[in-house]
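The values are calculated or read from the model by the stated rules, or taken from the named source; none is laboratory data. These figures come from a predicted structure and were not determined experimentally. Note that we place each Cβ from the backbone using ideal geometry, even for glycine, and neighbour counts take in every protein chain shown.
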Amino acid sequence: MDGAVVSEELSSHLANSTVKAAVFTTYTFDPEFFELEVIPLLLSGNRAFSSDSRVKQFQVREALRESQIPLDVFYDLPMYRREGSCSPAMEYAFHGIHRGNNAFHSKLALILVEDHDEEGECLMVAAGSNNLTRAGWWSNIECVHWEFVYSGACSLRFLNQLKRDVAWLQEQRRIAPQRSDPALDKIARFLEECKSTRDAADVSYYGLTSVDGAGAFQGFLIREAGNRMSYSNYNLEIISPFFASDVNNTEHEYFFKLGVVSIQMLLPEDSEGNALCDEAYFEHINNEPDIQWARWSDDSDTLLGRRSQVFRPLHAKIYHFYNAKQSWAFVGSVNFTHKAMRENIEAGFFVKLNGAGPLLKPIRRPSSVEKFAPIEEAFPGLLAEEETQTPQIDLAYDWTEQVLTGVTDPHLSYTITIFTPEGRAAVADWAITGTERVWEGDVTALEGLLRNGSLVKVGGYNTRSGEAFPPQTVMLMQTGWTHKPLGLPELSAAEILAIYARLTPEQREQIIIAPIIRQLVLAGEAGDLTLPLDEHLPEQFFSEYAEIFNAFRHLRKRLSQALEDDNQVTLNYYLSGKGMDSLPTLIEHVTSEESSEAAVTAYLVLLCAQEVYKDKTFRGMPRVNTLEKSVRKQIVYLKSSGAIRLENDSPARRKAFFKWFESQFYHTYRTKEALE
């Protein structure tokens, strides 16, 4: 056991590796923390991010799009309904899991990487007590164990359990994956191709599907302890922030079947020193034989930083078996409760520790514990009656295709309405069932609603019975973020063209971030942010029309490379997206009534854009045909408006000139070597 925080451990394990896909499971989910503090750890390179969360959010969103790393997050839906307060601000897949009165409580990380040291793929598997929250990754006392799966160096038993878990998660996705190669499917494919070996060290893994096995967690421990623990006379230390709700329960007694001779249970305390335990249960344990309450040992206190002024709440779940010869520990998400050990979806590892010895010291005088405080956090898996009556409704909106899909529980049907904050219907009287349904109506109001976030209020009734269900907040999954308007400040045409003209990623980021910071400064909300001194491009940078052609030449090269790499996200972003430097944004900038660009500049940009859109390799991509028609109309309008003046400006001369110019513009010239 060491004192590192979870994020430091992940950074250390990812050194010299490139992340290819990642899947996380969590009980409590904080999207903002995940996006600002966890996703940056998955991005390759030593990229520097702003300390300002608003600027950092934009940077991470852009970096995630460019990286194309697929991410999946699975979380406990009832818990999010109860405590969730923010929604995702960038594109990744998330899936709420509702198991009624049994919690989806596992905290797993499955991270597929290209290991540059081993020159091959590796699946990093972490199981612990840490939720995807600030407290879980930074401030709580948590415990996590890591295993690393390489093809040809993995035990068959561990590999098969991982396959079962990934297959189970695939079944929990109620909305079909919107991207061609989602994270979970990439990991499933790696596991299918992974080869086991008898020479690999066996791994004792309690997985997501282990709850369906004999005896669930208790049966798992009996099997693993019997097969792996040598000697006898083990002492057991139970570290858990929660205990069984029945104050007279005897959950601890089954541990004696494993050869345990005595049990010590850590007494959780709050920052005021109050015991976080039911007083009646505290007394019950005091009266039981061979079990007693304990506190952290002095060495553990030092290691965990508990001697500092900063209080660290206990959230770790550890079952530590030790004697004079060996130490074994189960590390994971399993609290010392009936539901956790028998019914909830949990995960963890049973591992042998390097040294033998206790983590705790007994409380010699239980009577010295006089102050008790109620546990304010709800026990995982215990739902109020109204929570069980709320149907699970899953919604997704694809900005690229402008398609809203919805699904509910199998064999059920609900007619739902999605409301705006003002109480108006953005989507009204939509019947959804246990199979995915597509909304056939107008999406204008819905798009206006989703620009502000993914949390939407949904009301409705059972289509068959007519019985209304309580209104609920649904976290709608948004995809196709390349086409989502984000309300960001505009770049000038010169800045967009400069980005096309093969500026480095660092230079592009500097150009894009400058107007964001400027907007915050002008609004008086910048805090410590200041504008960079060299935020403006030289005015004459694009005074020569040749620079426009040069910019588009490099853009076409970038698009061709994206096509070769099957990088659909980059293609969608530049060809038809709503990004600050996308091609539609540039076209809108040079053609709008407020544009300060010269008509000749607009004309040349439109011709270059039309050339891109007419390229046969791009014609089948989202919205390209529509955009090509729009550009064509804008060119016709610009030529007929008189905005471009010729020396001989007669109608016949204008028609002849534009015909000649465009024929030369689109003509393909070939170079020949000069004859000597």
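Worth pointing out:
- Boolean, LEU123 is assigned to a helix (DSSP H, G or I), touching a Leu at 6+ places or on another chain (Cβ under 8 Å) and at pLDDT 95 or above: no
- So VAL60, is it in contact (Cβ under 8 Å) with a residue 24 or more places away in the chain, more than 30 Å from LYS457 (Cβ to Cβ) and either surrounded by 16 or more Cβ atoms within 10 Å (Cβ to Cβ) or not assigned by TED's automatic domain parsing to the domain that holds LEU162 (or both): no
- Sole exception among (1) surrounded by fewer than 21 Cβ atoms within 10 Å (Cβ to Cβ); (2) at pLDDT 95 or above; (3) of a type outside the set (A, V, I, L, M) for ASP115, by number: (2)
- Qualifying residue in the range 130-138 (condition: in contact with a Gly (Cβ under 6 Å, 6 or more places away or on another chain) and under 27 Å from GLU62 (Cβ atoms)): no
- Residue in the range 102-114 that is among the acidic types (Asp, Glu), over 26 Å from LEU353 (Cβ atoms) and either within 22 Å of the chain's Cα centre (by Cα) or not in a strand (DSSP E or B) (or both) present: yes
- Within the range 117-144, residues that are farther than 15 Å from PRO380 by Cβ and free of Cβ contacts under 8 Å to residues at least 60 places away in the same chain have Cβ atoms under 8 Å from residues that are surrounded by fewer than 21 Cβ atoms within 10 Å (Cβ to Cβ) and among the hydroxyl-bearing types (Ser, Thr, Tyr) in these pairs: GLU118/TYR150; GLY120/TYR150; GLY120/SER151, counting only partners at least 6 apart in sequence or on another chain.
- Test result for THR390, modelled with pLDDT of 90 or more and either under 30 Å from MET90 (Cα atoms) or of a type in the set (A, V, I, L, M) (or both): no
- Members of the range 301-355 that are over 21 Å from TYR281 (Cα atoms) and among the aromatic types (Phe, Trp, Tyr): PHE311, PHE321, TYR322, TRP328, PHE330, PHE349, PHE350
- Selection status of LEU236, in contact with a Phe, Trp or Tyr (Cβ under 6 Å, 6 or more places away or on another chain), surrounded by 19 or more Cβ atoms within 10 Å (Cβ to Cβ) and at negative phi: yes
- Qualifying residue in the range 636-648 (condition: surrounded by fewer than 10 Cβ atoms within 10 Å (Cβ to Cβ) and of a type in the set (A, V, I, L, M)): no
- Entry remark, the range 448-472: residues being surrounded by 14 or more Cβ atoms within 10 Å (Cβ to Cβ) and without any contact (Cβ under 8 Å) to a residue 12 or more places away in the chain number 0 in total.
- Of the residues making up the range 207-243, those that are of a type in the set (Ser, Thr, Tyr), in contact with a strand residue (DSSP E or B) (Cβ under 7 Å, 6 or more places away or on another chain) and within 17 Å of ASN335 (Cβ to Cβ) number 1.
- Per the listing GLU253, GLU283, the residue uniquely assigned to a helix (DSSP H, G or I), among the acidic types (Asp, Glu) and either assigned by TED's automatic domain parsing to the domain that holds SER106 or farther than 25 Å from HIS105 by Cβ (or both) is GLU283.
- Qualifying residue in the range 127-138 (condition: buried (at least 21 other Cβ atoms within 10 Å of the Cβ), in contact with a strand residue (DSSP E or B) (Cβ under 8 Å, 6 or more places away or on another chain), of a type in the set (Phe, Trp, Tyr) and in the same structural domain as GLY45 (by TED's automatic domain parsing)): no
- VAL624 in the same structural domain as TYR500 (by TED's automatic domain parsing) and crowded, with 18+ Cβ neighbours inside 10 Å: yes
- Exclusive hit being more than 21 Å from ILE141 (Cβ to Cβ), out of contact with any His (no Cβ under 7 Å at 6 or more places or on another chain) and exposed (fewer than 15 other Cβ atoms within 10 Å of the Cβ), set ASN248, ASN286: ASN286
- Residue check, GLN68 under 13 Å from the mean Cα position of the chain (by Cα), polar (S, T, N, Q) and more than 24 Å from ALA316 (Cα to Cα): yes
- Screening ASP299 with (1) within 22 Å of GLU142 (Cα to Cα); (2) surrounded by 15 or more Cβ atoms within 10 Å (Cβ to Cβ); (3) not basic (Lys, Arg) gives one miss only, at (2).
- Sole exception among (1) touching a strand residue (DSSP E or B) at 6+ places or on another chain (Cβ under 8 Å); (2) farther than 30 Å from VAL203 by Cα; (3) surrounded by fewer than 20 Cβ atoms within 10 Å (Cβ to Cβ); (4) not polar (S, T, N, Q) for VAL351, by number: (2)
- Summed over the range 475-511, residues that are surrounded by 15 or more Cβ atoms within 10 Å (Cβ to Cβ), closer than 30 Å to PHE419 by Cβ and without any contact (Cβ under 8 Å) to a residue 60 or more places away in the chain total 0.
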